[in-house]
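Reading through the structure tokens given below for one structure.
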Amino acid sequence: MIKAERINFSYGNQNVLKQVELAVEKGCFISVIGPNGSGKTTLLKNLCRLLQPQSGEVKIDALSIKAYKPKMLAKKMAVVHQEIQNTFDFNIHEVVLMGRYPHLKALQNESAEDLKIVEKTMHLTGIHHLRHKSMSTISGGERQRVMIAKALTQEPDLLLLDEPISHLDLKYQLEVLKLCKSLNREKQLTILTTLHDINLAARFSDVIILMHHGEIVKVGPPAEVLTSELIRNVYEVDVTVIHEPHLLVIPH
Amino acid sequence: MEIQLKRRNNFIKITLLLAVLVIMAIFAVTQGNVKISVPDVVKITLGLDDSTTIKASHSFIVMQVRIPRILLSLLVGGMLSVIGTIFQALFRNPMADPYVMGVSSGAAFGATIGILFGVGGTFLGMGMVSMLAFIGAMITILCVYQLARVGGKVSTTGILLAGIVINALLSAAISFLMILFHNEIDRIVTWTMGSFGAASWEQLGLIFIPAIVGVGYMMTHARELNAMVMGEDEARALGVSVDRLKKVLLILASLLSAFAVSVSGIIGFVGLIVPHFFRMVFGSDHRVLIPVSFLGGGLFMLVCDTLARSLLNSMEIPVGIITALFGGPFFLMLLQKHKRRSEGI
Ligand SMILES: Nc1ncnc2c1ncn2[C@@H]1O[C@H](COP(=O)(O)OP(=O)(O)OP(=O)(O)O)[C@@H](O)[C@H]1O
Ligand SMILES: [Mg+2]
């Protein structure tokens, strides 16, 4: 589905991604974890062409990402960024509706079908009752769900999420991840998300990527990546890892 | 369902706006030093005037003075408002106005040179002073654009900063020239406060096509502008060709403002407040915002210009004074009301 072939990326002379190799299969649920500043956001931005690697290549469905037209790419993949900015007020419905942009020709009005998709994603993300409110009058967590709804409205094959649950309360942390998981299982939506909560990553992901100082330290199923030894090396924290009834990392 | 209702509502509001605009335009033709009745105006414009009932001087005033002037003020007001809307969206900055790229000071500098050196004559129906204003504006736009360019991309913060610096620089230069040649101060100051006093069919013909083509093009990119307001990264993620859109719109919008300035001088305020006004009334969707800004900006300018030429009997007031003096308090009032409503007071 998406592949990174030995990508190197630096901001100025700070080398942030070092020889990163990555291959995501269709229908996979992958989490990227790692300490602050380890390069997770940078990796995501390279994968969605917001940043171009100095060397190496990103491929989607075996085709270089550079070959995609902007709208083509936006139909393949949607991105939910870590930060949200908004100067002028749109209401929630208008924002979610923007997700249909890649599917519409210039000047084409949204069809009833498009509007139905918007309704559906607003229900799925639990923001339907907010649809008339403006972006500046809702909470941070609600805003995050709006952005997720907009991404889903793009109907992508691949969804990239950067800390999608950082502003969410306990209920919606689970709701949003469960939603991703169900779309992942039922619609074969491939998901690549960065997460800070190791336990949630363990619970929801098929594969975890552990990053440290711009390098991928380990890739594999949660049980292989989340060992007390690796976590100590990367996070400098001593932890106990329990495997029954399910994988749980407990810091000392 | 809801969206259809909203579309119909917007349609009704736009039709109303258009109706008010037409009525105001007809009323404006009757106003001025010489009052001309509505039936006479209608007869003259429809070509039904027989010289027995209507004075030849009245036909001349209507056809050669007032109508071109009214059309010009409508067009310039509409252009400035749309340009302001575009810049505010591109820069995601509510303070942006049509002159962010230094158009106003560039044009004023060009015009000052023209006035001081007494260049006369016309070129393509434009007075030499206008021509120099246009050239001054274009040179400034190019400078600001080049200064803000880093490796093929333009940074919006770069533009804002370069624009401010160039504006300050040229304003200082103009002030210096005014001190050196103080007997021309009046003309320069009048020019920098804007006027439609020299309106003619030629001027109208000159800016009509750029205005319609430019505004039309901007209208077709309304959806992209919506995405841009959410942030450049968001727009990219949605499949908008952000860099190309930014370049084209920046250049097009400042070109249009150079055209506007060269026929009417610098008219402040319109391009800043009209977009905000309609954002409060219609929301931020550019598919609606651009056309209503165009109509509403035209209407606002028409009203201001009619006041400018009929308030004082002895002389015309520069229209830029009216736009700020009357538009300012009105806008502040609205802002207060809007704030209270959104805070639920
Ligand atoms: N625009 C930028 N310019 C220069 N350096 C940057 C920029 N963005 C990030 N960096 C640097 O790159 C490194 C990786 O940043 P990145 O945002 O990818 O980390 P992250 O893993 O997403 O961290 P977090 O968990 O805090 O979100 C950091 O050291 C950061 O200081
Ligand atoms: Mg990050």
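The values are calculated or read from the model by the stated rules, or taken from the named source; none is laboratory data. Just so it is clear, the structure is predicted and the values come from calculations on it, not from any experiment. Neighbour counts are summed over all protein chains in view; Cβ atoms, including those assigned to glycine, are modelled from backbone coordinates with ideal geometry. With ligands, DNA and RNA removed, areas are computed over all heavy atoms of the protein, side chains included. Shrake-Rupley method; radii C 1.70, N 1.55, O 1.52, S 1.80 Å.
If you look at the Cα atoms of the stretch B:13-343, you get an Rg and a Dmax of 20.4, 70 Å.
Accessible surface of residue B:144, taken over heavy atoms with a 1.4 Å probe and every protein chain present, rounds to 0 Å². Checked against a 19 Å cut-off, the cross-linked pairs A:116/A:178; A:45/A:76; A:71/A:120; A:40/A:150 give Cα-Cα distances beyond that limit for A:116/A:178; A:71/A:120; A:40/A:150.
Between amide H atoms placed 1.01 Å from N, distances below 5 Å from residue A:218 occur with A:210, all of them 5 or more places distant or on a separate chain.
Here's how it looks for residue A:2: its modeled amide H is under 5 Å from those of A:24, A:61, which are all 5 or more places away or on a different chain. Excluding residue A:41 itself, what net charge comes from residues whose Cβ is under 14 Å from its Cβ, given Lys and Arg +1 and Asp and Glu -1? With Lys, Arg at +1 and Asp, Glu at -1, the net is -2.
Among A:163, A:229, A:142, the residue with the largest mean-square fluctuation in a Gaussian network model of chain A, with springs joining Cα atoms closer than 10 Å, is A:229. For the protein assembly as shown, the Kirkwood estimate of the hydrodynamic radius, built from every pair of different alpha carbons, is 27.1 Å. I'd like the distance separating the alpha-carbon centroids of the stretch B:69-92 and the stretch B:162-211, in whole Å. The two parts, judged by their Cα centres, are 18 Å apart. Per-residue 3J(HN,Hα) values for the stretch B:4-14, derived from phi via the Karplus relation 6.51 cos²θ - 1.76 cosθ + 1.60 with θ = phi - 60°, read 5, 4, 5, 4, 5, 4, 4, 4, 5, 4, 5 Hz in sequence order (x marks Gly and Pro). What the Cβ-Cβ distance of residue A:104 and residue B:315 gives, at R0 = 35 Å and to the nearest 0.05, is a FRET efficiency of 0.05. Neighbours of residue B:242, meaning other residues whose beta-carbon lies under 12 angstrom from its beta-carbon, give a summed charge of +1 when Lys and Arg score +1 and Asp and Glu score -1.
Quick one: compute the contact order of chain A, relative version, from alpha carbon pairs under 8 angstrom and 6+ residues apart, as a percent.
Dividing the mean separation by the residue count of chain A yields 25 percent.
Modelled this way, with points 7 Å down the Cα-to-C-beta line, the labels at residue B:185 and residue A:83 are 4.7 nm from one another. Legend: calculated FRET efficiency, residue A:6 to residue B:212, from the Cβ-Cβ distance at R0 = 56 Å, rounded to 0.05, equals 0.60.
Could you give the length gained by full extension between residue A:139 and residue A:206, i.e. 0.36 nm per residue of separation minus their alpha carbon distance, to one decimal place?
Stretched fully, the residue A:139-residue A:206 segment lengthens by 21.0 nm.
Computed from label points 7 Å out along Cα-Cβ, the spacing between residue A:224 and residue B:56 is 9.9 nm. The largest-to-smallest principal axis extents of the Cα set in the stretch B:43-84 are 48, 16, 9 Å. For chain A, modelled as a GNM whose springs connect Cα atoms under 10 angstrom apart, the maximal fluctuation among A:77, A:211, A:98 occurs at A:98. Considering only B:137, B:235, B:89, the Gaussian network model of chain B with Cα springs below 10 Å gives its largest mean-square fluctuation to B:235.
Loop only by DSSP, 15 or fewer other Cβ within 10 Å of the Cβ. Give me the GluC sites (Glu not before Pro) in the stretch B:222-264 that pass, ordered by residue number.
none
Distance between the modelled labels on residue B:18 and residue A:113, one decimal in nanometres: 3.1 nm (7 Å Cα→Cβ projection).
For the stretch B:13-343, what is the relative contact order in percent, using Cα pairs closer than 8 Å and at least 6 residues apart in sequence?
The value is 28 percent.
In order along the stretch B:313-323, the Karplus-derived 3J(HN,Hα) couplings, from 6.51 cos²θ - 1.76 cosθ + 1.60 at θ = phi - 60°, round to 6, 6, 8, 8, 8, x, 5, x, 5, 5, 4 Hz, and Gly and Pro are given as x.
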